[in-house]
Amino acid sequence: MALILPSNLYSQISAHLEAAYPNEGAGILIGAANGESKTAQAIRPFANNFESGEQYHRYLITAQDMLDGEMEAERLGLDVIGVFHSHPDHPAQASEYDREYALPWYSYLIVSVQKGKAANARSWVLSDDRSKFNEETFQLAS
């Protein structure tokens, strides 16, 4: 499976995550899946609701945030297909903490934000047995 993200949405994600720096920022990806790929068609950025002293390396999307995102997706006739978040001054590599709180099937787009600027991004999918993340193809589209 591949994650396809229009460039304009990636620009919006980058701006949100850069604004959250030096803390982690996060949001959800809304779109459609066809069995071979997931294509994002909208995003829903959220405030990081983790304890303020830990936001530099943790994010929290609340249950209410997820419900709001799911309702927005339904309104658009789409689905929540994943989550995006930043790793400030760290690689775009899924962490053990990320794995513990992830759900299978969702795409987890991680953007490395280096010194306040979005650097590179990688996408991950949790294995069905929850034991590890597998990197998925991430493609920007025009």
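Computed from the coordinates by the stated procedures, all read-outs in this text should not be read as laboratory data. Predicted model only: the values in this text are computed from it and were never measured. Neighbour counts run over all protein chains shown; Cβ positions are idealised from the backbone, glycine included.
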State all residues of the stretch 106-116 that are part of a strand (DSSP E or B), more than 19 Å from Thr137 (Cβ to Cβ) and out of contact with any Leu (no Cβ under 7 Å at 6 or more places or on another chain); if no residue qualifies, say none. Gln114
Residue under question is Ala2, and the condition is that it be closer than 21 Å to Glu136 by Cβ, touching a residue at least 24 places away in the same chain (Cβ under 8 Å) and within 12 Å of the chain's Cα centre (by Cα); does it hold? no
Determine whether Ala119 is without any contact (Cβ under 8 Å) to a residue 40 or more places away in the chain, under 20 Å from Leu17 (Cβ atoms) and assigned to a strand (DSSP E or B). yes
